[in-house]
Structures are given as structure tokens and as C-alpha cells.
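The values are calculated or read from the model by the stated rules, or taken from the named source; none is laboratory data. Predicted model, so just to flag it, every value in this text is computed and none were measured. Cβ sites come from the backbone with ideal geometry, for glycine too, and all protein chains shown count toward neighbours.
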Amino acid sequence: KHPVLVAPSLLAANFLELGKEVDMVNRSEADWFHLDVMDGRFVPNISYGLPVIAQIRKKAQKPCDVHLMIEEPEKYAADFKKAGADILTVHFEACIHLHRNIQQIKGLGMKAGVALNPHTPVGMLENVIRDIDVVLIMSVNPGFGGQTFIEQTYQKIRQLRQLITDNHAHALIEVDGGIGTDNAGQLIQAGANVLVAGSAIFSSADPEKTIHALKTSAQ
Ligand code: DX5
Ligand code: ZN
């Protein structure tokens with residue numbers, strides 16, 4: 001059995017109590033902070049950006065996993081490094097020179113992630129899979145929290161697991177969108193390593209307990 005990593009998405013946090021939310025994640029069994037950046041161009045929504053992430057980073061005691069849903073991410077990679085990103089994930093669909101962007105992120109000293117929209121086949125990563133630290137499979141269309149999980153995701157996870165094995169690659173499989181205690185077990189069983197959850201955690205009565213439930217969902 002592989003370890004299950006849990007990455008709470010702060011998009012669903014109470015921004016007026018952001019410090020308390022960060023403390024909660026620090027105290028919990030969560031592994032990473034998942035931070036969603038939206039530019040209103042690549043996705044039809046705008047979230048938060050560099051100054052907010054820099055503040056979160058000062059208090060966060062766990063790696064910060066920054067999910068860029070922006071066009072031309074190469075223009076901002078150095079800025080996100082400065083803000084404290086540990087893992088920087090760019091969208092396949094936003095990169096004309098994906099290989100170059102991956103090398104740029106690693107050259108800056110961060111782990112490199114590549115995210116796939118629901119319609120993008122995992123096979124598109126065949127020629128870069130060995131260069132990537134994390135593949136982020138979107139299980140909803142990016143842009144908003146609280147959407148319904150897309151069932152086709154299970155098959156994509158299995159296909160990606162096969163691609164990783166066939167290429168002797170080491171990338172972690174992260175899944176993002178519509179994840180909760182109801183589907184976490186099945187996602188791990190399909191081959192996922194990292195579960196991102198926003199509303200399931202922050203809208204629950206006891207977020208720490210929900211994180212524990214997600215963390216132990218493979219058992
Ligand atoms: C969606 C973001 C997700 C989002 C997940 O575009 O990438 O990280 O916060 O939210 P839930 O878990 O509510 O679907
Ligand atoms: Zn995300």
C-alpha cells in the first residue's frame with residue numbers, strides 16, 4: 001500500500017480567519033497546503049495571488065503546493081518561488097513549451113507539477129513524464145470549488161499509473177476537484193497518491209477529523 005497524502009485547498013477556507021485556517025492545517029494530519037491561483041483568463045474565475053501566498057507561507061509548517069490556473073505561467077514562476085512555493089504546477093493546456101517550463105520550475109529549486117484538464121488524455125505527458133514530480137489530474141473543470149466529481153477520473157488515474165510504470169517514472173498522482181470521504185478510497189485504489197479537497201474539508205463540522213478520514217481512506 002502506498003501512503004496517502006492529503007492537500008487541503010484553501011480556496012474553501014474562511015479568508016477572514018486565514019491564520020486560524022493555516023493553524024488548523026498545521027495541527028492536522030494533512031501533508032501539503034494546496035493553493036489555487038486563477039487569472040480570469042485560463043479559467044473563468046479570479047482567486048488570490050502572490051501576496052496572500054507569501055503570508056500563508058510564513059505560517060505554514062508543511063510544503064505549499066501551488067496550482068497555477070493561469071496563462072503564460074513561465075512569466076511568474078520566479079515570483080512564486082519567491083513567495084514560497086515548494087511545488088509549482090502549471091496546466092498542460094496553458095503551456096506552448098511545456099518541457100521548457102518544467103525545466104524552469106526545477107531550475108528555480110521547486111518540484112514541478114503538470115495539471116491536466118478533464119478532456120486532456122494522460123498520453124499527452126508521455127515525453128515528459130520522467131521529468132515531472134507531480135501530475136495533477138483535474139476531476140472537475142478548473143475554476144471553482146464545490147463542483148461534482150467526474151467519474152471518468154478513475155480510468156484516467158489507472159491509465160496514468162500504467163504510463164508511470166511503463167516509463168520507470170516517479171511522478172506522484174494528485175487528484176483535484178469534488179473529492180471527499182465518499183470517493184477517496186476508490187481514488188486511492190485506482191492509484192492516486194495525493195488527494196486535494198476544499199469544500200469537503202472546510203465546510204465540514206470538524207475539518208481535522210475529515211482530514212483524518214481522508215488520510216486513512218485506503219484502509
Ligand atoms: C478547482 C481547484 C480546486 C478546488 C477544489 O479549480 O483547482 O483545488 O479548490 O475544491 P473542491 O474540493 O471543493 O472541489
Ligand atoms: Zn487546485
Pull up the stretch 111-129, narrow it to residues that are free of Cβ contacts under 8 Å to residues at least 40 places away in the same chain and touching a Phe, Trp or Tyr at 6+ places or on another chain (Cβ under 8 Å), then point me to the one that is surrounded by the fewest Cβ atoms within 10 Å (Cβ to Cβ).
MET124
State which residue is farthest from ASP131 (Cα to Cα) when the search covers only the stretch 189-208 and only residues that are crowded, with 19+ Cβ neighbours inside 10 Å, within 11 Å of ligand 1 (Cβ to nearest atom) and in contact (Cβ under 8 Å) with a residue 40 or more places away in the chain.
PHE202
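Could you list, in sequence order, all residues of the stretch 42-70 that are in contact with a strand residue (DSSP E or B) (Cβ under 9 Å, 6 or more places away or on another chain) and not aliphatic (A, V, I, L, M)? Working first, answer last.
The first filter runs over the stretch 42-70 and keeps only residues in contact with a strand residue (DSSP E or B) (Cβ under 9 Å, 6 or more places away or on another chain), leaving 42-50, 52-53, 56-57, 60, 62-70.
PHE42, PRO44, ASN45, SER47, TYR48, GLY49, ARG57, LYS62, PRO63, CYS64, ASP65, HIS67, listed by residue number.
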GLN186 vs. criteria closer than 21 Å to THR210 by Cα and either at pLDDT 95 or above or crowded, with 19+ Cβ neighbours inside 10 Å (or both):
yes
Looking at ASN101, is it buried (at least 19 other Cβ atoms within 10 Å of the Cβ), free of Cβ contacts under 8 Å to residues at least 40 places away in the same chain and more than 17 Å from the chain's Cα centre (by Cα)?
yes
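In the stretch 111-142, which residues are away from ligand 1 (no atom under 16 Å from the Cβ) and either assigned to a loop (DSSP other than H, G, I, E, B) or among the aromatic types (Phe, Trp, Tyr) (or both)? Write out each step before concluding.
Kept after step one, since they are away from ligand 1 (no atom under 16 Å from the Cβ), are these residues of the stretch 111-142: 111-112, 121-133.
Passing the criteria: PRO121, GLU126, ASN127, VAL128, ILE132, ASP133.
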Conditions (1) of a type in the set (A, V, I, L, M, F, W, C); (2) in a helix (DSSP H, G or I); (3) in contact (Cβ under 8 Å) with a residue 60 or more places away in the chain; (4) more than 13 Å from ligand 1 (Cβ to nearest atom) -> ILE211 fails only (4)
